[in-house]
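One structure below.
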Amino acid sequence: MQIKSLCVFCGSSFGTDEIYSRKTIELAQIISGSGINLVYGGGGVGLMGLLAESVISGGGMVTGVIPELIHGKVKNLPVSELIITSDMHERKKKMYELSDGFIALPGGIGTLEELTEIYTWQQLGYHRKPVGLLNINGFYDNFLSFLDIAVNSGFLKDVHRKRMLIGNEPAELIEKMHNYSGENVDKWS
């Protein structure tokens, strides 16, 4: 699969461990060095801002998508394109339309909500785009355990669980994104 535009969900805070920032910068360097357009949440704060600033400083293209309510509350960056939406639903729809794949970095409930929605859309057959987690320092271990429990309890098919791409390193995850087959697996059969 050719990833020309990659949506990254991540925290509007930096977290408590410097490794989150270091790996975010590594991912940004890969994105800008590969000519991939970054689609992100539009703010200039936390890992979100660091990611965009790092892609920009590497000469990459950045598209920010931000709801009107949040736009006036956070630092703005000189992105290639800034799209201001009326609400969060329109924001996520626009991010989906602009992107060939999705990655979640560490973040809070907003990051988790964005990730699980796009993962659900994939499971239901609304898209065949790759969805991945950059599991920095085991940040998503408990979430992945939850998915395993859902499989073992009969609430998630193992085939859908395995479609979530996992990488501990940015280069590893980007390679998995490029190698993703995009095969549709029917949830209902």
Among the numbered criteria (1) surrounded by fewer than 16 Cβ atoms within 10 Å (Cβ to Cβ); (2) modelled with pLDDT of 95 or more; (3) not in a loop (DSSP other than H, G, I, E, B), which one does Ile174 miss? (1)
So which residues in region 5-35 are surrounded by fewer than 22 Cβ atoms within 10 Å (Cβ to Cβ), among the aliphatic types (A, V, I, L, M) and under 24 Å from Arg91 (Cβ atoms), if there are any at all? none
Any pair with Cβ under 6 angstrom, 6 or more apart, that starts in region 7-24 at a residue that is on the phi > 0 side of the Ramachandran plot and ends at one that is surrounded by 18 or more Cβ atoms within 10 Å (Cβ to Cβ) and assigned to a loop (DSSP other than H, G, I, E, B): Gly15/Pro106
Examine region 69-77 for a residue that is among the charged types (D, E, K, R), within 18 Å of Pro170 (Cβ to Cβ) and outside any strand (DSSP E or B), and state whether such a residue exists. no
Among the residues that make up region 141-150, is at least one of them of a type in the set (Phe, Trp, Tyr), surrounded by 13 or more Cβ atoms within 10 Å (Cβ to Cβ) and outside any strand (DSSP E or B)? yes
So for region 60-76 (the condition being among the aliphatic types (A, V, I, L, M), at pLDDT 95 or above and surrounded by fewer than 17 Cβ atoms within 10 Å (Cβ to Cβ)), does at least one residue qualify? no
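For region 36-48, which residues satisfy the criterion of being of a type in the set (Gly, Ala, Ser) and either surrounded by fewer than 22 Cβ atoms within 10 Å (Cβ to Cβ) or in contact with a Phe, Trp or Tyr (Cβ under 9 Å, 6 or more places away or on another chain) (or both)? So that I can check it myself, show each step before the final result.
Going residue by residue through region 36-48, those that are of a type in the set (Gly, Ala, Ser) are 41-44, 46.
Scanning region 36-48 gives Gly41, Gly43, Gly44, Gly46.
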Scanning region 95-106 for residues that are part of a loop (DSSP other than H, G, I, E, B) and either more than 19 Å from Thr85 (Cβ to Cβ) or among the charged types (D, E, K, R) (or both) gives Asp100, Leu105, Pro106
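Residue by residue, here is whether (1) under 15 Å from Pro170 (Cα atoms); (2) in contact with a Gly (Cβ under 9 Å, 6 or more places away or on another chain); (3) part of a helix (DSSP H, G or I) holds:
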| position | (1), (2), (3) |
| --- | --- |
| Met1 | no, yes, no |
| Leu6 | yes, yes, no |
| Phe14 | no, yes, no |
| Lys23 | yes, no, yes |
| Gly35 | no, yes, no |
| Gly43 | no, yes, no |
| Met48 | no, yes, yes |
| Glu53 | no, yes, yes |
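The values are calculated or read from the model by the stated rules, or taken from the named source; none is laboratory data. No experiment lies behind these values; they were computed from the predicted model shown. Positions of Cβ are generated from backbone atoms using ideal geometry, with glycine treated the same way; all protein chains shown enter the neighbour counts.
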